[in-house]
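So the structure is just underneath, and the comments pick up after that.
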Amino acid sequence: GFKGGKGVGTAFGALLGLAPVPVFIALVVWLVLVFTTRIVSIASLAAAVVFPAALIAQKAFFKPTVPASLVVFSLCFAALIFVTHRSNIRRLLRGEENRFGARHPSKRKP
C-alpha cells in the first residue's frame, strides 16, 4: 500500500554525514510530532524548518566552520520540502490530512 515518499527521509539520511547534530535535532522534532499528532506531513514540514535553523545555530554559536554552502543548501532543501508537500498542506488546511495508523475510510470492512 506504499506509494513512495517525498524525499524527506532520503535527504535526511544523506545529510546525516554532513551535519549530524542538526539532523538529530530535526529527527527528534519529527518523532515528537509524529507520535503526538500522528500526521507525518506536519512532522516532515517542521523538521524541514528545524534542520536549517539548527544548522544556522550550530554555525553561529558552536562551529563556525560549517560551510555557508551547506546552510544555503539546507534552506533550498526546506523550500523544496514545502513545494513537494503542497497537496499535504492543502489537506492540512482543510482538516483532511491522513493520520499515521488510522484506517483509510475506503479500506474499512463493512
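The values are calculated or read from the model by the stated rules, or taken from the named source; none is laboratory data. Quick caveat: nothing in here was measured; it's all calculated off a predicted structure. Note: ideal-geometry Cβ built from the backbone for every residue, glycine included; neighbour counts use all protein chains shown. Just so you know, the surface numbers come from the protein's heavy atoms only, side chains and all, with ligands and any DNA or RNA stripped out. Shrake-Rupley method; radii C 1.70, N 1.55, O 1.52, S 1.80 Å.
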>> Run lengths n ≥ 4 of DSSP H only: what is the helix-derived mean residue ellipticity at 222 nm for the chain, with -39500 (n - 2.57) per run over all residues, to the nearest 500?
In response: -21000 deg cm²/dmol
>> Place a point 7 Å from the Cα of LYS63 along the Cα-to-Cβ direction; which residues of segment 9-28 have their backbone N under 19 Å from it?
In response: 11-28
> Ignoring the sites themselves, what is the longest stretch of the chain with no trypsin sites (Lys or Arg not before Pro) in a DSSP loop and at most 15 other beta-carbon atoms within 10 Å?
Replying inline: 39-98
>> For Rg/Rh (Cα atoms, Kirkwood Rh), pick the label among (i) 1.05; (ii) 0.96; (iii) 0.93 that corresponds to the value derived from the coordinates.
In response: (i)
> What number, in percent, do you get for the relative contact order of the chain if the mean sequence gap of Cα pairs under 8 Å and at least 6 apart is divided by its residue count?
Replying inline: 27
>> Per residue, how large is the accessible surface of segment 13-101? Use a 1.4 angstrom probe and give square angstrom.
In response: 60
